[in-house]
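These notes are about the structure you will find just below.
The values are calculated or read from the model by the stated rules, or taken from the named source; none is laboratory data. Everything numeric in this text was worked out from a predicted model, so none of it was measured. Cβ atoms come from the backbone with ideal geometry, glycine included; neighbour counts cover every protein chain shown.
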């Protein structure tokens, strides 16, 4: 669900240099074919290979920011957050207006942060950095394609913002800012299209030994309009686990 939401915008931006409005101009038919091969790759491994091939053969390609982000996103899909971060940071360096890369970095750092991490403070600083950078970019971001309606574009922006608020909420949980965390997670519930992000919100509270706060987010995950039977089952299981952690009366 999440990858399709991201790649839908990428495909629209493919002729407008990713998040910017500068058209990508291949310098040769071969480079154009390499860009198309990357865009048409059907699975993470194929996207990684095609992006690597493009950057290796055409180091000065205007599609480099897009290629780097597609590698980052592919590694995130493969469950390799370390490489997702490496390529995400390179993508943001290559295009400082890449809200997609900022969102990915904020959310990835959120997903790998836990209450007892020795480097928790450093990870939280990264979440804060990339989260606010992403929100700032989105505030002035223009449509990646002119025929995208205002309502469609707002839906995409809301979804990206919702993912950022997940990261910011997780950071708030682990700095014991419960009210801020709940406010951020409510924005996730209102804006984000993926109910599994609400499960992650609840699990952050569980990790912080706050099961009473976690339960509401498992309930909201199960009630989300996009929640399927599997997600509802996971949310119910996590709620049971949280309930068992509550102090006995």
Problem set entry | Set 233, 249, 225, 220: member being surrounded by 19 or more Cβ atoms within 10 Å (Cβ to Cβ) and more than 18 Å from the chain's Cα centre (by Cα) | 220
Exercise. Given the residues 82, 119, which is the only one that is over 25 Å from residue 141 (Cα atoms), surrounded by fewer than 18 Cβ atoms within 10 Å (Cβ to Cβ), within 15 Å of the chain's Cα centre (by Cα) and at pLDDT 95 or above?
Worked result: 82
Exercise. Which of the helices (runs of 4 or more DSSP H) contained wholly in segment 110-213 include at least 3 residues that are outside the structural domain of residue 85 (by TED's automatic domain parsing)?
Worked result: 196-207
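Is it the case, given these coordinates, that residue 50 is without any contact (Cβ under 8 Å) to a residue 60 or more places away in the chain and farther than 14 Å from residue 160 by Cβ?
yes
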Exercise. How many residues does segment 157-179 contain that are farther than 14 Å from residue 104 by Cα and in contact (Cβ under 8 Å) with a residue 12 or more places away in the chain?
Worked result: 10
Exercise. Got a sec? Which of 208, 222, 201, 236 is modelled with pLDDT of 95 or more and within 24 Å of residue 154 (Cα to Cα)?
Worked result: 201
Problem set entry | Given (1) exposed (fewer than 15 other Cβ atoms within 10 Å of the Cβ); (2) in a helix (DSSP H, G or I), number of the condition residue 73 does not satisfy | (1)
